[in-house]
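Below: one structure, written as structure tokens.
The values are calculated or read from the model by the stated rules, or taken from the named source; none is laboratory data. Since the structure is predicted, the reported quantities are computational estimates derived from the model, not experimental observations. All Cβ positions, even for glycine, are placed from backbone atoms using ideal geometry, and neighbour counts span all protein chains on display.
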Amino acid sequence: MKKLLIATLVIFISFSSIAQMGSLGFSVGVPRNDFRENTDANGFGFDLSVAFPFQKGVPIYAGIDFNYMVYGRNAQNEDLVAEIRSSQGTLLGQLDIPLRIVNTNSLFGTHAFIRAVAPFSDIQPYAEGLIGFRYISTNTKILDRSNDRRYSSDDDDVIVRKTILDDFVFSYGFGGGLMFKVSSNLFIDLRVNYFLGERAQFFDGTDTEAWSVEFTGSEAAYDPANIQQGDLDFSTEARESTTDLLVVKFGVAAKF
């Protein structure tokens with residue numbers, strides 16, 4: 001996910017250098033329909049877009065929009081006691097592992113759009129249609145809470161980083177907004193988009209709050225000073241539904 005966000009930023013900077021319209025702002029995502037039946041978590045994040053006119057002097061633009069939102073994040077402390085036994089059942093040792101588990105559910109969307117802008121002076125309404133994809137994921141970090149950080153090898157105390165579940169879905173929608181003029185080329189931008197999304201598997205915040213961690217390491221290979229991803233396991237069942245989403249965006253737009 002980090003590489004995806006970096007690539008998005010590079011693309012945005014490249015496009016914005018030649019774009020005729022750009023915007024940056026905050027976004028709130030509200031699940032709708034079946035998605036709402038499966039999660040009551042709203043998303044919060046940021047939105048970037050750039051647009052180019054089809055022809056100089058014609059207020060119809062083609063562009064691309066990037067949107068990232070977190071729709072559920074929780075953290076909990078857990079003290080894991082792991083018994084290490086041989087294949088004959090002999091107790092070889094016991095690990096007392098104080099952990100902090102951080103779960104993040106996120107949505108990342110990239111959509112191409114066509115936008116028609118009313119060329120008024122102080123307030124410019126616009127309508128748009130969008131098509132693209134959305135990436136939905138649940139990521140977990142397990143952190144070492146021991147006093148001497150004996151179980152982690154990173155400076156940030158991370159034992160394990162893992163993408164528990166992710167899915168790409170086709171997404172399309174429509175919407176519109178209002179741009180309120182602040183100066184000759186600067187506007188306050190208020191936008192609303194409604195997206196229809198394909199079915200996807202995902203977790204809700206209430207699911208991740210109930211996760212517990214088990215030690216599953218091999219008694220012959222484990223290193224008590226360096227717990228690996230394969231040594232830990234947490235199982236749960238994903239939800240599945242369509243991913244319709246209402247997104248409200250508030251930010252600043254500029255015309256060049």
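Among the residues of region 162-182, the ones that are closer than 27 Å to ARG100 by Cβ and surrounded by fewer than 15 Cβ atoms within 10 Å (Cβ to Cβ) come to 2 in all.
Restricting region 125-161 to residues that are over 22 Å from PHE108 (Cβ atoms) and basic (Lys, Arg) leaves a set whose member that is surrounded by the most Cβ atoms within 10 Å (Cβ to Cβ) is ARG145.
Among the residues of region 46-62, those that are closer than 30 Å to ASP204 by Cα and in contact (Cβ under 8 Å) with a residue 40 or more places away in the chain comprise ASP47, LEU48, SER49. Residues of region 103-140 that are within 15 Å of the chain's Cα centre (by Cα) and either farther than 30 Å from LEU178 by Cβ or hydrophobic (A, V, I, L, M, F, W, C) (or both): ASN103, THR104, ASN105, LEU107, PHE108, PHE133, ILE136, SER137, THR138, ASN139, THR140. Mind counting the residues in region 1-54 that are modelled with pLDDT of 85 or more, among the aliphatic types (A, V, I, L, M) and out of contact with any helix residue (DSSP H, G or I) (no Cβ under 6 Å at 6 or more places or on another chain)? So the count comes out to 4. When SER218 is tested against the conditions (1) modelled with pLDDT under 85; (2) among the hydroxyl-bearing types (Ser, Thr, Tyr); (3) crowded, with 18+ Cβ neighbours inside 10 Å, the lone failure is (3). On the stretch given as region 183-193, residues that are of a type outside the set (A, V, I, L, M), in contact with a Lys or Arg (Cβ under 9 Å, 6 or more places away or on another chain) and exposed (fewer than 15 other Cβ atoms within 10 Å of the Cβ) total 2.
The strands (runs of 3 or more DSSP E) falling completely within region 107-205 that include 2 or more residues that are among the polar types (S, T, N, Q) and in contact (Cβ under 8 Å) with a residue 24 or more places away in the chain map to 123-144, 158-181.
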